[in-house]
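The structure appears right after this line, and notes come after that.
What follows draws every value from the coordinates through simple rules; no lab data is involved. Computed from a prediction, not measured in an experiment: that's the story for all the values here. Virtual Cβ from ideal backbone geometry, glycine too; neighbours counted across all protein chains shown.
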Amino acid sequence: MVPDMIRSLTTLRMVLAASLVAFLPSNAALAQSGPPDLMKLTIEDLMNIEVTSASRKEQRAKDAAAAIFVITRDDIRRSGMTTVPDVLRLAPGVDVAQINSNKWSVSIRGFNGLFANKLLVLVDGRSVYSHLFSGVIWDAEDLMLDDVERIEVIRGPGAALWGANAVNGVINIMTKTAADTQGGLVRVEAGRSGEQGAVRYGGTAGAARYRLFSQWTGRTESLIAPGTGANDASRSVTGGFRADWSTSPDGFTLDGAFTTSRARALWSNLNPQTAARNPIVDEPSDADGGHLMGRWTRTRPGGASLQVQSFVDIAHRNETIGDYQRGTVDVDAQYHTPLGAHHDLVAGAGFRFLREKFNGHVGLSLTPAEDTSSLSTVFVQDEIALFSNRLAVTLGSQAQYDSSAGAAVQPTARVMWKGLPRQHMWAAVSRALRTPSLQDRGIRATLPPTPTASGLPLFVVTQGNPAAQTETFVDLEAGYRIDIGSSAWIGATGFTGRYGQLQTQEIGAPIVEFVPSPRITVTGQFGNLLAATTRGLEVDGHWAPTSAWHFDGSYAAFRLTPDLAAASHDPTAAFLDGNAPRAQWQVRAAFLPGTRATLSAAVFHVGRLEQLQVDGYMRADVSAEWRFSGRLSLMAIGQNLSDAAHAEFGIAGSLLMATQVPRSASLRLRWELR
Amino acid sequence: MIPGLRRRQCRRLAGVAALVLAMTGTATPARAAAGDAPDIAVKAAFLYNFAKFAEWPALPLAAPILVCFVGDNGIAAAFSETVRGQNIGGHTLDVSQPRDSAGWRGCQVLFFADRETRQFASDKGGIRSQPVLTVSDGKGFALAGGVIELFVEDGRMRFAINLDAAEQAGVHLSSRLLGLAKVVRSRRDQ
């Protein structure tokens, strides 16, 4: 483990050194070529300059007493990536593992899985966390990346402001306003990993700006082994709109989208009749879903603002394990106001109503099969500026009432010190919770039988616990950031946290049963007998020696130490490592020579997943974009170039089989019409 | 996984890296395009233009124009760097970062970084009726009684002018500026 870390550090150093030497501009004059002389431009010319969002990004990351990283639209475009989970690889400390051609597991600071249950994901403030599965179904959200303004990735608990299940982190995806997407856009791309087409039109109707968009995605099958396809191709179609209008001081937003996808995936065969012959089946994995959201914002003189937002969301999935339907209605209100010169107050309340239905197929059931639940939340947060704004103290808490898990409080206290020039230091202590889902309480899954010496077949059953408890987390974090000149910064965050009442699977004594047929049954029922300590270090930095060169790098180390109660009969919990690599790092470089070309390269290293027995891997991506004009561009993209194929996740803990991600190359044509 | 694979991966990776380096190394680095610029530099340039198209009736002829910054989001540095040696109609440009609101009154231009607009909102010192051109990139600043608010729309910098606020401050803004701005009014009923 330690040698492993040293090895990756050594490699990181070598790569860094090599890239510095090779990328450093040899032409000394280049170092002096700063930004264009904007002072010579007229104000009309200034209004035609396209601005990059870098300072907003840095400001956001600097001002918050939390580990925040912002992925900007420029980062997204340069990366050549086509899915949100892949784009999340750009953020430090995010574990992204592609499970098969159309499914991903994404987590922050451990506890990764097909459904990583401690990470909250929001799209324009709309939660896409699935309550039943306790996680995000990434393939259900086929977002058009051209219309994403930025993605804020918050590592660590965000529960005080964002609410339940924001235990290890929050991913906040913000799409562009309709005013930012005026005119037409056509993008087509195709390559080894699949093809994608997107069209968008943005226009004006009276005081309102709107856009209409549609995206088609086809993903080619992944591999079981190099050269052998996994038959898990997928295709999906999304259509949607967004409209924004404002009649000062009010602003309104209405947006909606519908996605339908048809995919295949490899699953463990739960059918006792055929499992011996075919232990793995490839089955359809179909999903349809949509949402409609409205938001009203009123800004008051004096800087206060009120925002009311509501959404309805429906989803239907048909997988080999069962048929799932969900309906959600959510209303949230939030008020933000400065109070005097020192206080900045945000308070809000929300209510969510959820109806879920699950018809399990062979081997899997849920009790009750149909459930209605609600979640009510209130929160308040005050940021207090002291000592001429050199010290900022943030106190906040969220209180919630979950119709099935009861009442809970999630407080946070944060402090930021800006007393030294160019430096920001912060520390925080927070408590966050993961409430049990319908699955935790009522699942029953029977694995296919295995023969035993006694002659009777052995059935292993996973059984939910109606008395499932809420998982708790208390986290301590501290961060430091320093600006080096005006072109570079480096930041570091350290954390340690303690989890309580984590889910275990308590294996009972074997029972001989005669109904429906003679058998031995071993039941593993969910319990909450595990505690764990996590600790880690995340370092990230940025350097732009000239406006044409951008370098980004990050390193994240993570450890999880399980602490299993003596009374537990869980055979694997004592080996828990969070399904997260102990170390991962990345180095990215972008070169923008003039107006027409953009070149970028990135190397990612993800360490071994010990418990899942998945080897560490490297991922190398390159992209080159050429703009024929301001409107038309062509981009060549290479992804996963460092090997023919590699696995990124294992099967343990899931019935879904992990496959290998192949090397790929693709071409992208993008045409903007104004 | 086969142990040898890792080494092979590394070799292949090195090959890819070399290719990228070769590609980028031979391209001629040109001056950054005027079509794409970091927003703080653009904001600083806008600030310079605002000062150019504003008139302070009581400003003595030889006096410098004092541009003040509250909160630092990099604009102060970008501004100082770019206006070095420039003057506007015979007025030199001075830059200052007042420690507290007592230092605001002597400024001709007063810029509030996004997060510091609350200092403006809670001001009891009557800065609104001083001949100070208040500018911010904070959302809702013009509506809150600030004179000019910078905002980004469609990837480009725009600005809003609160005519009532400009009138109250007694700073005269040229019609060229007003023609390009989104004009808003204070809502006195709230």
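Some points to look at:
- Virtual paramagnetic centre 7 Å along Cα→Cβ of residue B:122, amide N under 16 Å, in the stretch A:273-306: A:302-305
- Relative packing of B:168-177, B:135-144, A:490-499, B:45-54, which averages over residues the other C-beta atoms within 10 Å, highest first: B:135-144, B:45-54, A:490-499, B:168-177
- Neighbour-count ranking [beta-carbon atoms within 10 angstrom, fewest first] of B:151, A:258: A:258, B:151
- Less than 5 angstrom separates the built amide H of residue B:147 from those of B:134, all sequence-distant by 5 or more or on a different chain.
- Between residue B:158 and residue A:422, the distance separating the two model label sites (each 7 Å from Cα on the Cα→Cβ line) works out to 3.7 nm.
- Backbone amide hydrogens, once placed in the peptide plane, bring residue A:269 within less than 5 Å of A:280, A:281, excluding anything fewer than 5 places away on its chain.
- Along the stretch B:112-127 the Karplus relation, 6.51 cos²θ - 1.76 cosθ + 1.60 evaluated at θ = phi - 60°, assigns HN-Hα couplings of 9, 5, 2, 6, 9, 4, 5, 5, 6, 4, 9, 5, 10, x, x, 4 Hz to successive residues, with x for each Gly and Pro.
- Taken over chain A, lysine pairs spaced eight or more positions apart, or on distinct chains, with alpha carbons under 24 Å apart number 7.
- Dividing the mean sequence gap of close Cα pairs (under 8 Å, 6+ apart) by how many residues chain A holds gives a relative contact order of 12 percent.
- For residue A:527, the residues 5 or more places off, or on other chains, whose built amide H falls under 5 Å of its own are A:504, A:505, A:506.
- Alpha-carbon geometry of the protein assembly as shown: the Rg and the Dmax are 28.2, 105 Å, given in that order.
- Label-point separation in nm, residue B:174 to residue A:274, each point 7 Å along Cα→Cβ: 7.9
- Inter-chain Cβ neighbour average for residues B:107-120, partner chain, 10 Å: 3
- Per residue of A:175-182, other chain Cβ atoms within 10 Å of the residue Cβ number 2 on average.
- Shielding of B:80-87 by partner chains, average beta-carbon count, 10 Å: 1
- Of all DSSP beta bridges in the protein assembly as shown, antiparallel share, percent nearest 5: 90
- Length released on extending from residue A:339 to residue A:496, taking residue separation times 0.36 nm less the Cα-Cα span: 53.2 nm
- Placing a pseudo-label 7 Å from each Cα along the Cα-to-Cβ vector at residue A:626 and residue A:370 gives an inter-label distance of 6.1 nm.
- Distance between the stretch A:374-451 and the stretch A:531-574 - C-alpha centres, whole angstrom: 19
- Distance-filtered residues of the stretch A:430-456 - backbone nitrogen under 17 Å, label point 7 angstrom along residue A:512 Cα→Cβ: A:451-456
- Between the stretch B:55-93 and the stretch A:107-139, the alpha-carbon center distance in angstrom: 49
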